[in-house]
Amino acid sequence: MDKNLIQRTLSGIVYVAIIILCTTPIGAQLINSISPNLVKQEYLYYGLITLLLGVGSWECFKIMNFGNGYEKWVVFPLIVFVFYIFSKRFFQHGFYFDFRISEILAMVLIVIAVVTLFKFANELYYDSGKLIFTVIYVALPFSFALGLPKFSSFDDRFSLEVLFLFILIWSSDTFAYLTGKFFGKHKMAPKISPKKTWEGYIGGVVLTLVLSYFVEQYHSDLRGNWMVVGFLVAAFAPVGDLVESQLKRNFGVKDSGNIIPGHGGVLDRLDSFLICVPVVYLYFILEKFI
């Protein structure tokens, strides 16, 4: 058997296991079965997002190849500051999903950063542009991710929004790949991601909607309507992949890192997640007014 396949399979299993343990009550239950009341599930989830933020920030920093200006010394303190603001809300249950100007502005900045990457890439060759893009592209999505689950210290409840978000993203990627492989003819973005096709995109949307139907049927306790979430994930997950592909293409990089053997870096694995999180977060805001 191909050693690379074995490596990819084993690292993939470990990666998925860590996601499950940190986004469901299973992780805390396992640890607390060994030593009672040692950890709460929200701490495991916060640790996961913090770790992914740290590694993802370093990978983006390396990809963009900062110069010797002050910007490279400012980027990480700014990322920490942004994440700290959202961290306070996470531990104080401060995510109310209302129209806060700061949150809407943050989402507008994400859109501007994506547009800049595709249409005004020359701006990212300046260290000031690299600084702004890195903070927006990495810090804001991971910060918004803190607001997705609901939890309570009184009854050890921790909701499964993030787990199912990951599952829908994985399903979208898998279904799009398989549909594109067997039926793909029309290239979606040949210069950025030659293997992506419109047939694969449509297949990913349709089949992810089928999966999201069952999520909605059997997990009605989740925030929002998961048929809508499934559509948003399937529609925007490929965008996340294209964004990271364009970023690496602009700076001549093949993989964002090698922390996950056979799969690349954190940004390679979470490119869709970085775009889907703010989209789903925005939906949860709008859903309150529908």
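The values are calculated or read from the model by the stated rules, or taken from the named source; none is laboratory data. Just so we're clear, the structure is a prediction, and the values are computed from it rather than from any experiment. Cβ placement follows ideal geometry from the backbone for every residue including glycine, while neighbour counts extend to all protein chains displayed. Heavy atoms of the whole protein, side chains included, go into the accessibility calculation; ligands, DNA and RNA do not. Shrake-Rupley method; radii C 1.70, N 1.55, O 1.52, S 1.80 Å.
Annotations
- Rounded to the nearest 20 debye, dipole of region 1-137 from Cβ charges on Lys, Arg, Asp, Glu: 140
- Legend: distances between Cα atoms for LYS130/LYS254; LYS88/LYS150; LYS72/LYS196; LYS88/LYS130; pairs beyond 25 Å are LYS72/LYS196; LYS88/LYS130.
- Most positive-pole-ward Cα, LEU140, ASN32, TRP58, against dipole of the chain from beta carbon charges: TRP58
- Fluctuation leader among VAL243, VAL115, VAL55 - the chain, Gaussian network, Cα springs under 10 angstrom: VAL115
- Cα gyration tensor shape for region 123-252, rounded if a/c is under 1.5, else prolate or oblate: oblate
- Based on the convex hull around the alpha carbon atoms, region 236-279 presents an average projected area of 2.9 nm².
- Normalised by 2.2 N^0.38 Å, where N is the number of residues, the C-alpha radius of gyration of the chain stands at 1.00.
- Kirkwood hydrodynamic radius over Cα pairs of region 204-290, then Stokes diffusion coefficient at 25 °C and 0.890 mPa s, in µm²/s: 172
- Placing +1 on each Lys and Arg Cβ and -1 on each Asp and Glu Cβ, with no other charges, gives region 3-288 a dipole about its Cα centre of roughly 700 debye.
- Over the chain: helical MRE at 222 nm, DSSP H runs n ≥ 4 each giving -39500 (n - 2.57), nearest 500: -23500 deg cm²/dmol
- Heavy-atom accessible surface of the chain, averaged per residue, reaches 52 Å², computed with a 1.4 Å probe.
- Among the trypsin sites (Lys or Arg not before Pro) in region 201-276, those located in a DSSP loop and surrounded by at most 15 other Cβ atoms within 10 Å of their own Cβ are LYS254.
- Sorting the segments 225-235, 70-80 by their residues' average number of neighbouring beta-carbon atoms within 10 angstrom, most packed first, yields 225-235, 70-80.
- Pairwise Cα inverse-distance average, inverted: Kirkwood Rh of region 1-104 (Å): 16.9
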